[in-house]
1. Give me the pairs: first residue in the range 138-159 and under 16 Å from residue 67 (Cβ atoms), second residue surrounded by fewer than 21 Cβ atoms within 10 Å (Cβ to Cβ) and of a type in the set (Asp, Glu), beta-carbon distance under 8 Å, and six or more apart or on different chains, which are they?
2. Out of the range 37-67, which residues are among the hydrophobic types (A, V, I, L, M, F, W, C) and outside any loop (DSSP other than H, G, I, E, B)?
3. For residue 129, indicate whether it is among the hydroxyl-bearing types (Ser, Thr, Tyr) and at pLDDT 90 or above.
4. Only one of 81, 74 is of a type in the set (A, V, I, L, M, F, W, C) and within 13 Å of the chain's Cα centre (by Cα). Can you tell me which?
5. Suppose we filter the range 77-101 for residues that are buried (at least 19 other Cβ atoms within 10 Å of the Cβ) and either touching a helix residue (DSSP H, G or I) at 6+ places or on another chain (Cβ under 9 Å) or assigned to a loop (DSSP other than H, G, I, E, B) (or both); how many remain?
6. Would you confirm, using the coordinates I've provided, whether residue 52 is among the polar types (S, T, N, Q), buried (at least 21 other Cβ atoms within 10 Å of the Cβ) and modelled with pLDDT of 95 or more?
7. Output the number of residues of the range 53-84 satisfying the condition of being within 30 Å of residue 187 (Cβ to Cβ) and among the acidic types (Asp, Glu).
8. For the range 69-108, name all the residues that are in contact with a Ser or Thr (Cβ under 7 Å, 6 or more places away or on another chain) and farther than 22 Å from residue 44 by Cβ.
Amino acid sequence: MGTPRIQHLLILLVLGTSLLTCLELYCQKGLSMTVEADPANMFNWTTEEVETCDKGALCQETILMIKAGTETAILATKGCIPEGEEAITIVQHSPHPGLIVISYSNYCEDSFCNDKDSLSQFWEFSETTASTMSTTLHCPTCVALGTCFNAPSLPCPNGTTRCYQGKLEITGGGIESSVEVKGCTATIGCRLMSGVLAVGPMFVREVCPRQLLTQPRKTDNGATCLPIPVWGVTATAAIAAAINYSLFLRRQFWAWV
């Protein structure tokens, strides 16, 4: 009598274990790359796509925001991630004032846990008022997916000390794009991302002109001269060298005559 009972218990135990191991993880799936003037209200992170994850995977939602002037570039991804640990990470890579870079990533283990639908759920946006703007430092300012075709020279917020120019090359999480950024900053060198190379499943490579004059120079009338790329310096040096060489040849010609 006892043996069939034990067999039934074993069968129930095996079935229960099988059911637990067969539970699948479902994640929201989506991809977005855009530039917004009012991301707090206009950017919608909802998606109707669903992805079934492999065993051992997690759900993820990751976003990278780069703000220059009045516009913000947004690169966002949702879906399964094959490995990782459950965690929420928010980083402000480049703080106020000037250019702002913020990243958010959420790795979670429950179905449809990557369900953020707006940026205001994890970040409060604040605007720089005109009263805090510098009257001397101006920088070309833009942010664009790919290349900036228009970078107006705008006054910088007080507290910034130089102009930045660079590109963020982003791959992973279904994204493969570059973002060109120009604007005012207090950060020295090519460190808009503060040296961070990965945001969730996205890998970020920061590329800047080989050299920038790190300190803006003031003219006699108080205006600020903008930093210029090394190729500008090189071109100027080459022109000067050509003029000097031309003068040298002219002297040699008249000396020979």
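The values are calculated or read from the model by the stated rules, or taken from the named source; none is laboratory data. What you see is a predicted model; the values in this text were computed from it and never measured. Please note: Cβ atoms are built from the backbone with ideal geometry, for glycine as well, and neighbour counts cover all protein chains shown.
1. Sorted first by the residue in the range 138-159, then by its partner, the pairs are 142/71; 143/71.
2. Initially, the range 37-67 is screened for residues among the hydrophobic types (A, V, I, L, M, F, W, C), giving 37, 40, 42-43, 45, 50, 53, 57-59, 63-66.
Matches in the range 37-67: 40, 42, 50, 58, 59, 63, 64, 65, 66.
3. Numbers: among the hydroxyl-bearing types (Ser, Thr, Tyr): yes; at pLDDT 90 or above: no.
Criteria not met by residue 129.
4. Within the list 81, 74, the selection yields 74.
5. 2
6. Working: among the polar types (S, T, N, Q): yes; buried (at least 21 other Cβ atoms within 10 Å of the Cβ): no; modelled with pLDDT of 95 or more: yes.
When the stated conditions are applied, residue 52 does not pass them.
7. The number of residues fulfilling the criteria is 2.
8. The answer is 69, 89, 91, 93, 94, 97, 98, 99.
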